[in-house]
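To start, the structure itself, in structure tokens.
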Amino acid sequence: MSAAEEVVAEGHQAVEAVPKRAMTLGTGTSLVVLAALIIMPIFVKNFIIFQMTMLLIYGLAVLALNILTGGSGQFSLGQSAFYAVGAYTTAVLMEHFDVNYALTLPIAGIVCFGFGFLFGQPALRLSGVYLALATFALATAMPQLLKLNFLEHWTGGVQGLVVTKPDAPFGLKMSQDMWLYYFSLVVVIGIYILAVNLLRSRSGRAFMAIRDNEIAASAMGVDVALYKTLAFGVSAAITGIAGSLGAIAVQFVAPDSYTITLAISLFLGMVVGGVGWLPGSIVGAAFIIFVPNIAEGISKGLSGAVFGVLLFAVIYLVPHGARQVAILGQQLAGKLRKN
Amino acid sequence: MELFTNQVLAGIATGAIYACMALAVVMIYQAIDHLNFAQGEMAMFSTFISWQLMQWGIPYWAAFILTLALSFIAGIAIERILFKPLAKAPVLTNVAGFIALFAIINSSAGLIWDFTIKQYPTPFGSAPFLGSQLISTHQAGMIGVTVLLLLGLYFFFQYTRIGLAMRAAASVPESARLVGINTSWMIALGWGMATAIGSIAGMLIAPVVFLEPNMMGGVLIYGFAAAVLGGLTSPFGAVVGGFLVGIFENLAGTYIPGVGNELKLPIALALIISVLVVKPAGLFGRHIVKRV
């Protein structure tokens with residue numbers, strides 16, 4: 001094709017421009033959700049507490065993707081790789097070096113930050129589908145890399161590693177599951193607050209400027225390369241921490257738990273929760289944890305089809321995900337207040 | 001040296017599979033501007049339909065033509081019923097829709113035809129081609145069909161009014177509408193054509209990988225990789241990309257020590273990404289210039 005035939009595309013964005021105020025919940029609503037999350041485990045069985053812990057963990061991983069895609073406008077299908085690195089860091093530190101489980105979280109975060117930051121470098125030149133393919137490659141490569149022979153001493157190869165579940169400290173009379181739930185809750189809330197603050201800060205504004213118009217952002221003096229890789233690093237770090245929590249909660253890490261399917265689930269979680277709306281992450285996580293189970297309950301043989309139909313139903317009703325529901329709710333509340 | 005030429009030949013033979021799939025991927029990308037993750041499953045379903053027709057006693061070529069027609073109609077129907085309502089939704093929501101379609105088709109095929117592996121006939125026979133042990137007549141036929149398909153598409157897009165209209169609708173929809181092109185139907189037509197091409201790919205691939213609901217998993221990944229490597233805007237690039245990926249994969253498996261079957265895919269993908277880092281729009285893709 002000659003240069004004269006080059007297409008001039010209008011600057012249409014792959015990711016919607018969500019203003020930063022619209023990215024979070026109001027204080028009142030946040031407190032209600034928080035109270036519900038704190039009280040809930042007291043009334044339910046251990047297995048449900050475990051599921052809720054997984055909900056928090058996947059919520060955290062979806063949140064990380066949300067910062068990357070909804071915040072800085074970069075697409076990733078490779079989140080499962082960062083999740084795996086976090087999980088393995090924790091498992092190896094706990095089982096080979098007897099490090100306390102709580103200490104492994106920040107270490108996993110730092111390791112994944114470095115990994116994500118480095119991966120962000122070649123990814124800089126790619127965007128859209130090309131970036132999707134690059135991250136996809138990372139996700140497909142990760143399980144194979146974890147199975148490599150010379151790493152087997154540390155990673156346990158195909159068999160993976162068993163992780164011991166921590167007891168509640170300070171002699172608290174609490175089941176392991178419940179303790180882990182509250183532990184995860186504290187970590188998740190801490191990271192949520194950090195993430196909200198990050199997006200409201202100078203760096204967050206830089207992310208959003210890049211998302212909305214890269215060229216304009218660089219004209220305003222935003223270091224595009226730095227902030228794009230930084231977004232990858234931060235997202236990888238949070239995903240890694242989610243991975244470590246996941247390893248502790250499931251008590252087991254194996255290469256085949258972290259395949260591309262996990263990355264696709266996290267992506268679906270982000271879409272269902274609403275791209276660029278941080279509280280939606282937990283709604284999205286609920287979707288990817290519970291809907292496959294519901295689909296299996298409706299029909300064993302056709303569970304995939306039922307899941308697909310439910311997913312279609314959701315994206316037809318609310319193409320912008322849970323964010324759309326929240327906006328509708330707000331408008332309704334506003335109208336009621338006026339009357 | 002003989003090992004090298006043999007591996008390249010074997011690479012070309014598998015590359016033909018990827019080239020077919022990549023061509024279908026590029027077709028739909030041209031029409032709708034998205035990568036369709038359900039493409040492989042649609043091709044698999046078409047292949048099952050042709051298999052079912054043959055089970056009912058219809059001869060190969062009649063089943064082939066009938067499947068093409070059915071796939072074309074099914075592609076248009078999927079677009080009209082499922083994706084037209086999502087035309088105004090965000091891009092990522094559309095991608096979620098493709099994943100949903102993937103799950104639906106895969107699971108239904110499993111229920112209708114179950115997950116056992118089935119033999120699929122080839123019209124070209126499977127004798128060694130020109131005395132070579134590495135390429136069978138089927139694989140040679142496959143390469144031939146891919147090239148014919150490519151030529152046909154080239155003439156369709158370059159020299160027919162409707163081909164021109166489809167290109168216009170995909171690249172500048174607003175202006176295309178202003179000159180009286182029904183862009184919405186052009187998209188549907190693109191879906192139909194992509195599904196038909198996918199069904200050809202499926203029917204050619206099935207004798208090699210055997211017929212089962214998950215047969216397209218690996219092939220689609222390589223197909224995407226090939227399409228992206230060649231440049232998503234160029235059908236010719238897709239075919240070249242397909243052959244290159246096939247050759248890469250084989251050579252990496254042979255010459256890099258410690259690379260078993262498991263590491264072939266990551267290495268092929270890594271190589272493709274290194275190419276993309278140097279040429280971000282793919283080898284033959286047009287660079288899209290954005291208006292600020």
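Throughout, read-outs are computed from the coordinates displayed, never taken from laboratory work. Keep in mind that this is a model prediction, so the values were computed, not measured. No Cβ is skipped: glycine too gets one built from the backbone with ideal geometry, and neighbour counts run over all protein chains shown.
Points worth noting:
- 3J(HN,Hα) from dihedral phi, region B:11-24, Karplus parametrisation 6.51/-1.76/1.60, rounded to Hz, x for glycine, proline: x, 5, 5, 6, x, 4, 4, 5, 4, 4, 5, 4, 4, 5
- Unit charges at the beta carbon, dipole of chain B: most positive-side option, B:THR67, B:ASN6, B:PHE236: B:PHE236
- Relative to the Cα centre, the charge distribution of chain B, modelled as +1 at Lys and Arg Cβ and -1 at Asp and Glu Cβ, gives a dipole magnitude of about 920 debye.
- Long-range tail of P(r) for region B:1-278 (Cα pairs > 23 Å, %): 54 percent
- Furthest towards positive pole of dipole, B:LEU276, A:ALA322, A:PHE232, structure part the protein assembly as shown, Cβ charges: A:ALA322
- Computed from backbone phi with θ = phi - 60° and the Karplus coefficients 6.51, -1.76 and 1.60, the 3J(HN,Hα) list for region A:211-216 is 4, 7, 6, 4, 5, 4 Hz; x is used for glycine and proline.
- Value of [θ]222 nm, deg cm²/dmol, for the protein assembly as shown, DSSP H segments ≥ 4, -39500 (n - 2.57) each, nearest 500: -23500 deg cm²/dmol
- Within a Gaussian network of chain A (alpha carbon springs, distance under 10 Å), most fluctuating of A:ALA295, A:ALA102, A:ALA206: A:ALA295
- Rounded to whole numbers, the Karplus 3J(HN,Hα) couplings from phi for region A:220-236 are 7, x, 6, 6, 4, 4, 4, 6, 5, 5, 4, 4, 4, x, 4, 4, 5 Hz, using 6.51 cos²θ - 1.76 cosθ + 1.60 with θ = phi - 60°, and x at Gly and Pro.
- As a proxy for reagent exposure, ranking A:LEU60, A:LEU230, A:LEU172 by other Cβ atoms within 10 Å from fewest up yields A:LEU172, A:LEU230, A:LEU60.
- The amide H of B:SER136, built 1.01 Å from its N in the peptide plane, has B:PHE129 as neighbours under 5 Å, considering only residues 5 or more places off or on other chains.
- Using Cβ point charges alone (K and R +1, D and E -1), the dipole size of the protein assembly as shown about the Cα centre works out to roughly 1760 debye.
- Nonlocal amide H pairs with A:PHE252, under 5 Å, H built at 1.01 Å: A:VAL163
- Most mobile of A:THR90, A:THR261, A:THR229 in a GNM of chain A (Cα contacts under 10 Å): A:THR261
- Among B:VAL228, B:VAL179, B:VAL26, the largest mean-square fluctuation in a Gaussian network model of chain B, built with springs joining Cα atoms closer than 10 Å, belongs to B:VAL179.
- In chain A, taking the dipole from charged Cβ atoms about the Cα centre, the farthest positive-side position among A:LEU63, A:ILE39, A:SER201 is held by A:ILE39.
- The translational diffusion coefficient of the protein assembly as shown, from Stokes-Einstein at 4 °C and 1.567 mPa s with a Kirkwood hydrodynamic radius over alpha carbon pairs, comes to 50 µm²/s.
- Quarter the surface of the alpha carbon convex hull of chain A and you get the mean projected area, 21.9 square nanometres.
- Sparse packing (at most 13 other Cβ atoms within 10 Å of the Cβ) combined with a DSSP loop state is found for the following chymotrypsin sites (Phe, Trp or Tyr not before Pro) in region A:115-179: A:PHE170.
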